[in-house]
Amino acid sequence: MAKESMKAREVKRKKLVEKYAAKREELKKAGDSVGLQKLPRNSSKVRVRNRCNLTGRPRGYMRDFGVSRVTFREMVLFGLIPGLTKSSW
């Protein structure tokens, strides 16, 4: 499990990205690099890290489900994701 502070930091970054998205796009079109530098660093979307919604794990993230591979496997085993089962042959 990731620390709660790491999860909170990512939530804060996502909010900043949403807040400054329009302004950042305008400055990019205008080619104003000085104006872009004055915006907060965390308002850039490349600084957002995909994390598991449940555990906060940063690696092995599955976009379609919003969770890490470890959490995904547990959810499938317990039948929490409809239509998916663990394969066996």
Failed item in (1) part of a helix (DSSP H, G or I); (2) on the phi > 0 side of the Ramachandran plot; (3) not aromatic (Phe, Trp, Tyr), with residue 10 passing the rest:
(2)
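So that you can scan it fast, the table gives a plain yes or no per residue for (1) of a type in the set (Phe, Trp, Tyr); (2) part of a loop (DSSP other than H, G, I, E, B); (3) out of contact with any helix residue (DSSP H, G or I) (no Cβ under 7 Å at 6 or more places or on another chain):
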residue	(1), (2), (3)
5	no, no, yes
22	no, no, yes
37	no, no, yes
46	no, no, yes
49	no, yes, no
59	no, yes, yes
65	yes, yes, no
83	no, yes, yes
89	yes, yes, yes
Spot the failing condition for residue 68; the list is (1) among the polar types (S, T, N, Q); (2) in the same structural domain as residue 14 (by TED's automatic domain parsing); (3) surrounded by 14 or more Cβ atoms within 10 Å (Cβ to Cβ), and only one is missed.
(2)
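The values are calculated or read from the model by the stated rules, or taken from the named source; none is laboratory data. For clarity, every value in this text was computed on a predicted model and none was experimentally measured. Virtual Cβ from ideal backbone geometry, glycine too; neighbours counted across all protein chains shown.
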